[in-house]
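This report concerns only the one structure given below.
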Amino acid sequence: MNNYTIDILTPSKVIAKEIPCESLLVPTVKGQINVLVGHTHIVSKLETGIVTVFGGEDDPDRYFSVTAGVCKVLDNKVIILSNTSEENHEIDVERAKASLARAEEMLSNESLSDDELVKYRRKVERANLRVQLASFKG
């Protein structure tokens, strides 16, 4: 029996709409939260990581990457607004590995400004996440 639904949205598109779920793991800046039926109403900032949607008996488990954004839990609805997101089966692993290699190469440059350093660290983090997420079976 599904307890609520989840929407995952980015500025460029709707990643998932009305996905039924029994429970949900969400990476937040204060740590990972597990959303179960009757969860208190919250709005929390997202951390780059993996959202795991447990569908229960009737629906498959699903896995999504998310980066900075917000998660809102209200009644029987969860809404995730993320800068970027994709489902595990949509990831091109070779492209993600190439992105990781490029970002790591850029980080090895000792003349990066502070802003560039932050930028390429985030790129490494996202690329690592995408490679990890692509290995999930869903």
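Take A68 and decide whether it is at pLDDT 90 or above, of a type outside the set (V, I, T) and at negative phi. When the stated conditions are applied, A68 does not pass them.
Can you say whether E47 is closer than 30 Å to T5 by Cβ and among the acidic types (D, E), as far as the supplied structure shows? Here the answer is yes, as E47 does meet what is asked. Kindly evaluate T67 against the criterion of being hydroxyl-bearing (S, T, Y), surrounded by 12 or more Cβ atoms within 10 Å (Cβ to Cβ) and under 12 Å from the mean Cα position of the chain (by Cα). Yes.
Within the range 1-39, the set of residues being over 15 Å from S82 (Cβ atoms), surrounded by 19 or more Cβ atoms within 10 Å (Cβ to Cβ) and in contact (Cβ under 8 Å) with a residue 60 or more places away in the chain comprises Y4 only.
So that you can scan it fast, the table gives a plain yes or no per residue for (1) over 30 Å from P60 (Cα atoms); (2) loosely packed, with under 13 Cβ neighbours inside 10 Å; (3) assigned by TED's automatic domain parsing to the domain that holds S82:
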| residue | (1), (2), (3) |
| --- | --- |
| K97 | no, no, no |
| A101 | yes, yes, no |
| S108 | yes, yes, no |
| D115 | yes, yes, no |
| K119 | yes, no, no |
| R122 | yes, no, no |
| A127 | no, no, no |
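Restricted to strands (runs of 3 or more DSSP E) entirely inside the range 1-104, those with at least 1 residues that are among the hydrophobic types (A, V, I, L, M, F, W, C) are 4-9, 14-21, 23-28, 31-35, 42-45, 49-54, 62-66, 69-74, 77-82. For beta carbons closer than 7 Å, sequence separation of 6+ or different chains, a first residue in the range 41-55 that is farther than 15 Å from R130 by Cβ and a second that is among the aromatic types (F, W, Y) and part of a strand (DSSP E or B), the qualifying pairs are T52/Y63.
The values are calculated or read from the model by the stated rules, or taken from the named source; none is laboratory data. Keep in mind it's a predicted model, so treat the numbers as computed, not measured. Cβ atoms come from the backbone with ideal geometry, glycine included; neighbour counts cover every protein chain shown.
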